[in-house]
Amino acid sequence: MLNSQIKDIGKIESWVLASRPKTLLAAFVPVIIGSSIAAHHNSFKPLAAAVALICSILIQIGTNFVNDLYDFLKGKDTHERLGPTRALASGLISVNEMKTGVIITFALTFLLGLYLVYLGGWLILLIGIFSIIAGIAYTAGPYPLAYNGLGDIFVFVFFGLIGTVGTYYVQTGSVQMIAVWASIPVGALITNILVINNYRDIEEDKSNGKNTLAVKLGPTFARLQYVVFMILSYSILFVVYFTYKQSYLVFLPFLSLPIALKLIKMIYSIKGKSLNNTLALTAKLSFIYGILFAAGILLW
């Protein structure tokens, strides 16, 4: 039944599937937070924010395409995988088509990013180049990050610190500590999407020689990592309150705490394919938290 449904998927739907749309909400968060801080400092540039957002989404999509491609080429993806359907493993997209998709996605990212380079200078050029290289190196190259327990660091740094602070920088031309502090919960909550993914796939990845951090340190560590990142995300709000802005609006993200508590309960009570729902909700939490945090910043 599932195979017949997959065969009925058109080419456009196949590419949408390969982009992993349920996780793309995370790409919005660093741009929303960085832009809200820029707006608070009366330096908001709508066009710069829009281009930064498109580049953030494209980098995540390009990284997902590379991940789909090289997991397939290395024989890591099969029809028995616990995660959502993969486009290559299901025959929806060919290897050559995916390679072309990767090239087009990252080329478009680079071209659009030139506007940000115009605004921010050579530093933004370096960040853009390293972001694309890191997106490719996530699962490709001689030392793929995802296969050697470095995926978590990649996500935290590029989608948290660089994404948030970089968005602020291209609009203001400076770096402020508030942007750095704000990048920490952004990075932590987005990294938790990867933590859930790797926790779900521990046994599958172990048998395939994919040494994620969850494989290296075990399921207990993965669950603890997830909880610690949750605690860190909400604790940072107190740091912001006491060191930057003593306004109770700083704590608006606490409205999302019930979702965080639900997710923690889920990771300790369910396993296997059921964790796909946990992964999707984790992505939604990062977005909801980001919207609330941005709203608080704008209302200070």
Original post:
For the residues I37, I178, I236, what sequence is obtained by ranking on other C-beta atoms within 10 Å, fewest first?
Top reply: I178, I236, I37
**OP:** Can you tell me the relative contact order of the range 121-249? Whole percent, Cα pairs under 8 Å, sequence separation 6 or more.
**Re:** 25 percent
Original post:
Leaving out same-chain residues fewer than 8 places away, which lysines sit with a Cα under 18 Å from that of K99?
Top reply: K11, K74, K76
Original post:
Which one of G128, G160, G75 has the biggest mean-square fluctuation once the chain is modelled by GNM with Cα springs under 10 Å?
Top reply: G75
Original post:
Taking θ as phi - 60°, what are the ³J(HN,Hα) couplings along the range 184-191 by the Karplus curve (6.51, -1.76, 1.60), each to the nearest whole Hz, with x for Gly and Pro?
Top reply: 5, x, 4, x, 5, 6, 6, 4
Subject >> Separation between Cα centres of the range 256-274 and the range 164-203, rounded to whole Å >> reply: 21 Å
**OP:** Give me the number: length gained by fully extending V175 to L24, i.e. 0.36 nm times residue separation minus the C-alpha to C-alpha distance, one decimal in nm.
**Re:** 51.8 nm
Subject >> From phi via Karplus (6.51, -1.76, 1.60), per-residue ³J(HN,Hα) for the range 290-295 in Hz, x at Gly/Pro >> reply: x, 5, 5, 5, 4, 4
Original post:
If you average the sequence gap of Cα pairs under 8 Å that are 6 or more apart and divide by the length of the chain, what percent do you get for the contact order?
Top reply: 24 percent
Original post:
Using Cα atoms only, what is the angle between the long axis of helix 46-73 and the major principal axis of the chain, expressed in degrees (0 to 90) to the nearest 10?
Top reply: 20 degrees
Subject >> Computed magnitude of the charge dipole of the chain (debye, nearest 20; Cβ of K, R +1, Cβ of D, E -1) >> reply: 380 debye
**OP:** From zero up to wherever the largest Cα-Cα distance of the range 10-299 sits, split into 10 Å bins and tell me the percent of pairs in each.
**Re:** 7, 29, 35, 23, 6, 0
Subject >> HN-Hα J in Hz across the range 21-36 - Karplus 6.51, -1.76, 1.60, θ = phi - 60°, x for Gly and Pro >> reply: x, 5, 9, 6, 4, 4, 5, 6, 4, x, 6, 4, 5, x, 6, 5
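Computed from the coordinates by the stated procedures, all read-outs in this text should not be read as laboratory data. A quick note: this is a predicted structure, and the numbers were derived from the prediction, not measured. Using ideal geometry, Cβ is built from the backbone for each residue, glycine included, and neighbour counts are taken over all protein chains shown.
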